[in-house]
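Okay, so here's the structure we're looking at.
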Amino acid sequence: MTKQLNGSDAAEDEADVRRADSLAREIFSDIANKWALLIIEAVGDRTRRFTELRDDVEGISHKMLTQNLRLLERNGLVVRTVHPTVPPRVEYTLTDPGRALRATVDGMCDWTHRHLAAIESARHRFDGH
């Protein structure tokens, strides 16, 4: 059975679409940087300590790792767990949405492997070599 929308239902639906689009732009901005996707890949399917991530994400500073982990946590992509030890032990795990995003990143990597020759050829032509 199809639900008939009155004027206020249609306006609410349109507002929901606008809110979702705005949120998507914010999330894309947060994850479309040099580090976020590399961090998501480094966390992977297991729980990782901060120092492990810093060691695995080549070239990332302590500050950038902290900032990006906070953004990922804010967006519900990682969970941060602090263990009450001295010094405190902090661990990160991907959430269900984080694992889904990682699958998307893996798909992008697969796409790159499938089209590597074409990409390299285009870059070579473009750069005039």
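The values are calculated or read from the model by the stated rules, or taken from the named source; none is laboratory data. All values reported here derive from a predicted model rather than from experimental measurement. Please note: Cβ atoms are built from the backbone with ideal geometry, for glycine as well, and neighbour counts cover all protein chains shown.
Screening Val17 on (1) at pLDDT below 95; (2) under 15 Å from Val90 (Cα atoms); (3) of a type outside the set (Gly, Ala, Ser) shows it passes everything except condition (2).
Name the one entry in Asp106, Asp96 that is modelled with pLDDT under 95 and of a type in the set (Asp, Glu). Give the steps one after another, and end with the answer.
On the way: Asp96 fails: modelled with pLDDT under 95.
Being modelled with pLDDT under 95 and of a type in the set (Asp, Glu) holds for just one of Asp106, Asp96, which is Asp106.
Of all residues in segment 68-93, those that are among the aliphatic types (A, V, I, L, M) have Cβ atoms under 7 Å from Cβ atoms of residues that are part of a loop (DSSP other than H, G, I, E, B) and surrounded by 12 or more Cβ atoms within 10 Å (Cβ to Cβ), 6 or more apart or on another chain, in Leu77/Thr95; Val78/Thr95; Val79/Thr95. Annotation: of all residues in segment 53-108 being farther than 21 Å from Ser29 by Cβ, of a type in the set (A, V, I, L, M, F, W, C) and surrounded by 12 or more Cβ atoms within 10 Å (Cβ to Cβ), the one that is farthest from the chain's Cα centre (by Cα) is Val90. Within segment 24-45, being small (Gly, Ala, Ser) and touching a residue at least 24 places away in the same chain (Cβ under 8 Å) holds for Ala36, Gly44.
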